Amino acid sequence: MFQSAGPFIGPLVGLLAGMIAGSMLFGGSKDVSPRDDVPRAAPPLSEEHPLTVTAHRQLVTDWYEAVGAVQPREETDVEALVTARVMEVRVNPGDAVAKGDVLAVLDSRQLASRLAQAEEEREGASASVAQASQGVQAAQASFDRATSHYRRIKSLFGGKAVAESELDQAEADYLRAQAGLEEARKRLSATQSAQARAQEAVEEARIHLSYSTIVAHEAGEVLRRHVDPGGLAAPGKSLLSMRTGASLRLEAQVREGLIAQIRPGMELPVRIPALDLETVGLVDEVHPSADPATRTFVVKAVIPPNLNVHPGMFGRLLIPVARHEAVLLPYQAVRRVGQLEMVRTKATDGAAPWRTMYVSTGQANATHVEILAGLTGGELVALPLSLPESLALPLADTPTHANGTGADGNG
C-alpha cells in the first residue's frame, strides 16, 4: 500500500514546499482571505431590485404666475436742450459710460456765433459804462464848483457885498449842476443795467453752447440709441436711453383678484425662463390703479444682480394662492410612451411583484411632478437605474416651487 503511493510523494512534497516559499515571499502572511478594507464593486442593480421611492402625499403650494418683463430700476432718456444738427454720436447700446463722458456732439456754429455776438454787446455795454462813469465824474466836479461858488456868493450877499442878481445867477448855476449830476448818475445806472444784461446774455449763450456737447450726468449703461449723425436734435426728442442704476426689476401684470395680498417689501419667487433661472424678487412698487383693458395691476419686484439678465427679458412673478394635498414623484419615475404615462409600482411590503400603472400628471418643478390620477400615496415606485441617488430622497426634502405654464401652477 505504501509502495503504491510512492510515485505521488515527490510531487506532493514539491507542491507543499512551493506553497511555503510563496508564503515567506509575501511577508509570511497566513491569512489569504479577502481584506475588509479593500473597496469592492457593489453588485449592479437589476430590474427586480431598482432604486425606489415611496409616493407620499403632502401639501404643496398653488402659484399664480404673473408674466412681465425685466426693466431697469432707473432709466433715463437723454435729450438735447437746444435745436441743432447731430454731428457725432460716440456711444452705442451696451456701452458702459462714466459720469462726464461725452455721449453726442451737436453742430455748435450758430451757438458759437450767438456767444460772440453777446460778447460784443457786453463790450459795448462796458464802454458805455466807462463813458457814463466819466460823465458822472465831470458832473460831480461841476456840481462841487457850483456849490462852492453859490455858498461864497450867498455869504457875500449876507454882508451886502454883492447884488441880488449875482446871487440868483449863482443859485441857478448850482441847480443846473445838481440836475446834471443826477442825470449823469441815471445814465451810469442805465448803462450798468445794460452791461449786466449783456453779461447775462453772454452767460446764457455760453450755456447754450455747452449744450452742444451732451455728456453723461451719471454713470450707467446705454440701452437704446435713437439718433444718428445728421439727424436733428431738439428739446423733447430722445437721443439715447440709459440705465443709470445697477439694479433691475421684473415688472409683472397681476390680476386684480390677487393684488390685495401683495405689499411692498414682500419676497416672491421670480423665474427667467430663457436662462432657466429662479431667484427671489423683493416687491418694490405696486401701482395703485389697474389697467381698464386687462384688469391687471403692475407689480415691480427688484431682482438680485446677474450679469446674464438684461432689460427686456421675459419673466414670471410667482404668487402663492392656495395649498392642496398632492402625490409627488421624481419626474424620472414616469415613463412616457406617446400620450401614455406609466410607472412601475408594488406594495410597500415588497411582497407583490412589480406592475405597471398608468397615471396622469399635472404641474412639475425641476425634480418632481404631481400625480393627478393612478396613485393614491403609499405605493413603492421604481426609479430608473441611471437615476442619481440624490434624487431618490424623500419628497419633503425637495423644492416645491411651481413650474407650470398656466395661470396657476403647483410645485
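The values are calculated or read from the model by the stated rules, or taken from the named source; none is laboratory data. Note that the structure is a prediction, hence the values are computed from the model and not measured. Using ideal geometry, Cβ is built from the backbone for each residue, glycine included, and neighbour counts are taken over all protein chains shown. Note: areas computed on protein heavy atoms with side chains; ligands, DNA, RNA excluded. Shrake-Rupley method; radii C 1.70, N 1.55, O 1.52, S 1.80 Å.
Do we have Val227 as of a type in the set (Val, Ile, Thr), assigned to a loop (DSSP other than H, G, I, E, B) and surrounded by 16 or more Cβ atoms within 10 Å (Cβ to Cβ) here? Outline the logic, then answer.
Values: of a type in the set (Val, Ile, Thr): yes; assigned to a loop (DSSP other than H, G, I, E, B): yes; surrounded by 16 or more Cβ atoms within 10 Å (Cβ to Cβ): yes.
So Val227 fits the description; yes.
From the list Val97, Val129, Val102, which residue is in contact with a strand residue (DSSP E or B) (Cβ under 8 Å, 6 or more places away or on another chain), open to solvent by less than 40 Å² (accessible area, probe 1.4 Å) and of a type in the set (Val, Ile, Thr)?
Values: Val129 fails: in contact with a strand residue (DSSP E or B) (Cβ under 8 Å, 6 or more places away or on another chain); Val102 fails: open to solvent by less than 40 Å² (accessible area, probe 1.4 Å).
On inspection, the qualifying residue turns out to be Val97.
When the test is whether a residue is open to solvent by 20 Å² or more (accessible area, probe 1.4 Å), modelled with pLDDT under 90 and either among the acidic types (Asp, Glu) or under 16 Å from Val309 (Cβ atoms) (or both), Ala246 passes it.
Within the range 271-293, residues that are in contact (Cβ under 8 Å) with a residue 12 or more places away in the chain reach partners that are open to solvent by 70 Å² or more (accessible area, probe 1.4 Å) with beta carbons closer than 6 Å, at six or more positions or on different chains, in the pairs Arg271/Glu278; Leu275/Asn308; Val280/Glu267; Leu282/Glu267; Val283/Pro264; Ala290/Glu256. Within the range 305-324, how many residues are farther than 21 Å from Leu258 by Cα and surrounded by fewer than 13 Cβ atoms within 10 Å (Cβ to Cβ)? Total meeting the criteria: 4. Of note, Ser189 does not satisfy the criterion of being of a type in the set (Ser, Thr, Tyr), exposed (fewer than 13 other Cβ atoms within 10 Å of the Cβ), at pLDDT 90 or above and within 60 Å of the chain's Cα centre (by Cα).
Quick test for you: out of Ala260, Ala205, pick the one residue that is within 30 Å of Pro72 (Cα to Cα), part of a helix (DSSP H, G or I) and open to solvent by less than 80 Å² (accessible area, probe 1.4 Å). I'd like the intermediate steps shown before the answer.
Working: Ala205 fails: within 30 Å of Pro72 (Cα to Cα).
Residue meeting the stated conditions: Ala260.
From Ser210, Ser193, Ser247, grab the single residue that is over 30 Å from Gln131 (Cβ atoms) and without any contact (Cβ under 8 Å) to a residue 24 or more places away in the chain. Explain how you work it out, then say what you get.
Values: Ser193 fails: over 30 Å from Gln131 (Cβ atoms); Ser247 fails: without any contact (Cβ under 8 Å) to a residue 24 or more places away in the chain.
None of the other options fit; the residue is Ser210.
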